[in-house]
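The values are calculated or read from the model by the stated rules, or taken from the named source; none is laboratory data. None of the values given here were measured: they were computed from a predicted structure. Because the Cβ atoms are built from the backbone with ideal geometry, glycine has one as well, and the counts that use them run over all protein chains shown. For accessibility, only protein heavy atoms count, side chains too; no ligands or nucleic acids. Shrake-Rupley method; radii C 1.70, N 1.55, O 1.52, S 1.80 Å.
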Amino acid sequence: MHTRESACPLDCPDGCSLSVTVDDDGRLLRVDGDARNPFTAGFVCAKVRGLAKHVHGAERVAQPLLRAGAKGEGRFRVASWDEALDRVATSLLDVRARHGGEAILPLCYGGSNGALTQDCVDARMFRRLGASALARTLCAAPSGSAATALYGKMPGVALPDYEHAKLVILWGCNPSASGIHLVPVLQRARERGATLVVIDPRRTPLAKQADLHLAVRPGTDLPLALALGHALLQRDAVDHAFLQRWTHGLDRYAARASAWSLARAASVCDVPQSDLESLLQRYIAASPAVIRCGWGTERNRNGGSAIAAILALPALAGKFGVRGGGYTMSNSRALPLSTEAAIGEAAPAVRTVNMNQVGRVLTAAPASVHALFVYNCNPWATLPHQSEVHRGLLREDLFTVVFDAVMTDTARFADVVLPATTFLEHDELRTSYGAMALQHARAAMPPVGQARCNAEVFLALCDRMGLSRAGDVREPEALAAAVLAGSALPESARATVREGGVAQAGGVAFVDVFPATADGRIDLHPEALDRECDGGLYEYRDDPGTVAHPLCLITPAIAKQTSSSFGQLDRRKVALRMHPHDAAARALVEGAPIRVFNQLGEVHCRVTIDDALRPGVVMLPKGMWSHHSDNGATANALCPDTLADLGGGATFNDARVQVEAIG
Ligand SMILES: Nc1nc2c(c(=O)[nH]1)N[C@H]1C(S)=C(S)[C@@H](COP(=O)(O)OP(=O)(O)OC[C@H]3O[C@@H](n4cnc5c(=O)[nH]c(N)nc54)[C@H](O)[C@@H]3O)O[C@H]1N2
Ligand SMILES: Nc1nc2c(c(=O)[nH]1)N[C@H]1C(S)=C(S)[C@@H](COP(=O)(O)OP(=O)(O)OC[C@H]3O[C@@H](n4cnc5c(=O)[nH]c(N)nc54)[C@H](O)[C@@H]3O)O[C@H]1N2
Ligand code: SF4
Ligand SMILES: [Mo]
């Protein structure tokens, strides 16, 4: 038995440091939080504590598999790595020869936030093939473009610094499920007198404890933020000196915001005006005040403008310049990694496919994608417009590779399934987007079965396809060194990581970190965003509900999965959550079998009556698998593939549905 240090690369803000115990036969015994990182010391989430069930589970793919039945049937035969890699290499080269490199589409996203498993040797291979580029827009695209245009990639408030705040606003964020290490920090802040405000259409666990909860209608954060900004200006509760020195675009921002009185916003958001007034007063009075900008806010038609309007608030009210003051966003990493030096190949000029519309692209005639290579992603379960993704994956003429550690719903459609290592079985370099920690973890256990890590497989494929070049960085240690050397990191952070430590960053905005925009100032009304938004930046688009489909379906993160990851472990059916009024209006009782439907698809499941949701809003979890519903379709069958106002982002929460009893 031995215990090793590791780091969690899952798509989660916390970026835990781990302590991993493995027995002499290489079986994982336990995973704990490691005290090297104070933020994550002492505990990890239940998902990772129970990781052995995932690593050694029945759904684990431990050998290469080749399709042995019809597309989507899920019948395979075991193959050797040589046979499987030859098949992949030959097929990709054949597609390129017949249709051009752009007929190959790599499809990857959130499975690993590690720098050695994504945008590393994989990018080298796809760039050299001339494959289509993928716009990674499934998450954080609207908020990322808004934050980048206003502030550049200025690091946000590190989550451990929330302890210093006197006011914390959780805006479309549910850390009780999606980043649990913030919860004790918030508790300590509150013990020291901090106020907690939650803006969320449902009463989340932290909303229950909050001093103020604004249960806004989904998609209405933009009017709320603009009304707050307008009121700050009208009441002269702004920091003139700061605005003068550090911002531009104030006049144009103010003109757009002036359309929104507190009264008008309260009516559109459907919350009491007195609550808006209370939020405003608290925000004016408190310092340090921090906004934890979650992702619930961005997943709709107004998402990008909403985030831009929210991020304008700390600038207007002068909330920067103190530890624990400002905002936190997913793209505001303090220790960003660049993998370009490790890739060693410039990105060619190729077409870009928006991953939110992969279903459309795969089903379009004439076909433009002939080979699909899925890794770090489970598109059947996580992309919008599931029925179209499903139809695309069913294409007999589409050569599909799925490289994953488990037999996902997507893997069932593959021609070739390649067995991936889990993060405990390979080396990884990870920088977190909340805790602001950077770590280099070596494999803590041997690979299960014949599983191989991403870098090894993409190297082998490069070799087979004649794409490797002299001078390519190949070995895990060398790849990690190239990434560290090629990233804009403080030398102290590099040294800490080299010595096996956890590099931490926690700068204070406008004291030691500054906007990374071209002129170093905050742009309150970026022209590029104004051009990109249909109708202009900060223009509110009304609710997409119709008489036929009046209910808003939200699909937030749940504690027991990370997106769809780990969904194989709990096979119980999920229920649609619905407010008692909406249930009564449809004569639905607790546990009734129902059909949730719209023009895109339908999901059959049971109903759970829950007054934590606001009336008019229903909820299914994100990342469900086909086995979680009664008809094999999941929430994503109801999610539109229309795009958000900015960044080509997803609009999962623009799903509008109707619900009726079955039978
Ligand atoms: N356990 C676990 N942890 C995770 C994940 C997971 O799946 N499971 N996923 C990870 C990933 S990929 C991400 S992006 C993050 C996401 O983490 P969060 O930021 O917490 O995002 P969501 O869970 O999508 O939604 C957060 C909240 O937004 C609310 N909401 C929905 N629509 C709106 C709206 O229009 N306005 C407002 N104000 N609120 C709204 C929802 O009710 C929900 O409570 O978590 C990461 N961490
Ligand atoms: N309805 C709805 N859908 C959503 C959302 C929503 O709010 N509502 N949110 C979206 C969000 S926030 C996100 S981030 C996306 C995430 O969507 P995805 O990118 O599909 O992420 P996961 O569901 O975690 O699937 C990742 C897969 O990668 C595999 N994997 C992990 N590590 C490795 C590795 O090292 N190598 C290889 N080859 N494979 C690996 C995992 O086993 C897993 O099957 O989902 C989106 N989908
Ligand atoms: S998923 Fe998040 S909370 Fe769980 S171990 Fe990983 S980083 Fe920590
Ligand atoms: Mo995400």
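Pairs meeting the criteria (first residue in segment 70-84 and at pLDDT 95 or above, second residue open to solvent by less than 30 Å² (accessible area, probe 1.4 Å) and not aromatic (Phe, Trp, Tyr), beta carbons under 6 Å, at least 6 apart or on different chains) are Arg75/Gly69; Phe76/Leu65; Arg77/Leu66; Ala79/Pro64; Ala79/Leu66; Trp81/Pro64; Ala84/Pro64; Ala84/Val416.
Looking at Ala443, is it open to solvent by 10 Å² or more (accessible area, probe 1.4 Å), touching a His at 6+ places or on another chain (Cβ under 9 Å), in a loop (DSSP other than H, G, I, E, B) and not acidic (Asp, Glu)?
yes
Just to be sure, is Gly219 open to solvent by less than 10 Å² (accessible area, probe 1.4 Å), away from ligand 3 (no atom under 16 Å from the Cβ) and on the phi > 0 side of the Ramachandran plot? Here the answer is yes, as Gly219 does meet what is asked.
For segment 99-111, the criterion of being open to solvent by 10 Å² or more (accessible area, probe 1.4 Å) and touching a His at 6+ places or on another chain (Cβ under 7 Å) is met by at least one residue.
One line per residue, one yes/no per condition, for (1) open to solvent by 30 Å² or more (accessible area, probe 1.4 Å); (2) aliphatic (A, V, I, L, M):
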| position | (1), (2) |
| --- | --- |
| Arg252 | yes, no |
| Ala257 | no, yes |
| Ala263 | yes, yes |
| Leu276 | no, yes |
| Ala334 | no, yes |
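Yes/no per residue for (1) open to solvent by less than 30 Å² (accessible area, probe 1.4 Å); (2) under 30 Å from Leu638 (Cβ atoms); (3) in the same structural domain as Asp654 (by TED's automatic domain parsing):
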{"site": "Ile284", "(1), (2), (3)": "no, no, no"}
{"site": "Gly296", "(1), (2), (3)": "no, yes, no"}
{"site": "Arg301", "(1), (2), (3)": "yes, yes, no"}
{"site": "Gly326", "(1), (2), (3)": "yes, no, no"}
{"site": "Val358", "(1), (2), (3)": "yes, yes, no"}
{"site": "Val361", "(1), (2), (3)": "no, yes, no"}
{"site": "Ser368", "(1), (2), (3)": "no, yes, no"}
{"site": "Leu372", "(1), (2), (3)": "yes, yes, no"}
{"site": "Pro379", "(1), (2), (3)": "yes, yes, no"}
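For Thr517, the requirement of being polar (S, T, N, Q), part of a loop (DSSP other than H, G, I, E, B) and crowded, with 18+ Cβ neighbours inside 10 Å is met. Does Gly74 meet the test of being away from ligand 4 (no atom under 16 Å from the Cβ) and in contact with a Gly (Cβ under 7 Å, 6 or more places away or on another chain)? No: the conditions fail for Gly74. Taking residues in segment 25-44 that are more than 22 Å from Ala435 (Cβ to Cβ), and partners anywhere that are hydrophobic (A, V, I, L, M, F, W, C) and in a helix (DSSP H, G or I), the pairs with Cβ atoms closer than 6 Å and at least 6 places apart or on different chains are Leu28/Ala52; Leu28/Val55. Among the residues making up segment 542-579, those that are in contact with a Ser or Thr (Cβ under 9 Å, 6 or more places away or on another chain) and away from ligand 4 (no atom under 16 Å from the Cβ) are Asp543, Pro544, Gln568, Lys573, Val574, Ala575, Leu576, Arg577, Met578. Filtered by the rule that a residue be farther than 23 Å from Thr328 by Cβ and more than 16 Å from ligand 1 (Cβ to nearest atom), segment 35-50 gives a lone residue, Ala35.
Annotation note: of Leu116, Leu29, Leu18, the sole residue that is within 24 Å of the chain's Cα centre (by Cα), assigned to a strand (DSSP E or B) and either within 16 Å of ligand 1 (Cβ to nearest atom) or surrounded by 13 or more Cβ atoms within 10 Å (Cβ to Cβ) (or both) is Leu18.
Residues checked against (1) open to solvent by less than 10 Å² (accessible area, probe 1.4 Å); (2) outside the structural domain of Pro556 (by TED's automatic domain parsing); (3) more than 12 Å from ligand 1 (Cβ to nearest atom):
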position: Ala131; (1), (2), (3): yes, yes, yes
position: Ala149; (1), (2), (3): no, yes, yes
position: Leu159; (1), (2), (3): yes, yes, yes
position: Gly172; (1), (2), (3): no, yes, no
position: Ala177; (1), (2), (3): no, yes, no
position: Ile180; (1), (2), (3): no, yes, no
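Every condition in (1) more than 16 Å from ligand 1 (Cβ to nearest atom); (2) within 30 Å of Leu186 (Cα to Cα); (3) assigned to a loop (DSSP other than H, G, I, E, B) holds for Glu298 except the one numbered (1). Within the set Asn331, Asn378, the sole residue that is under 30 Å from Leu182 (Cβ atoms) and modelled with pLDDT under 95 turns out to be Asn331. From the list Leu529, Leu553, the one residue that fits, being more than 16 Å from ligand 1 (Cβ to nearest atom) and either of a type in the set (Asp, Glu) or modelled with pLDDT of 95 or more (or both), is Leu529. Of the residues in segment 43-52, not one is open to solvent by 10 Å² or more (accessible area, probe 1.4 Å) and in contact with a helix residue (DSSP H, G or I) (Cβ under 6 Å, 6 or more places away or on another chain). Among the residues of segment 240-250, those that are more than 31 Å from the chain's Cα centre (by Cα) and open to solvent by 50 Å² or more (accessible area, probe 1.4 Å) comprise His240, Ala241, Gln244, Arg245. When segment 556-601 is filtered for residues that are crowded, with 18+ Cβ neighbours inside 10 Å and among the acidic types (Asp, Glu), only Asp582 remains.
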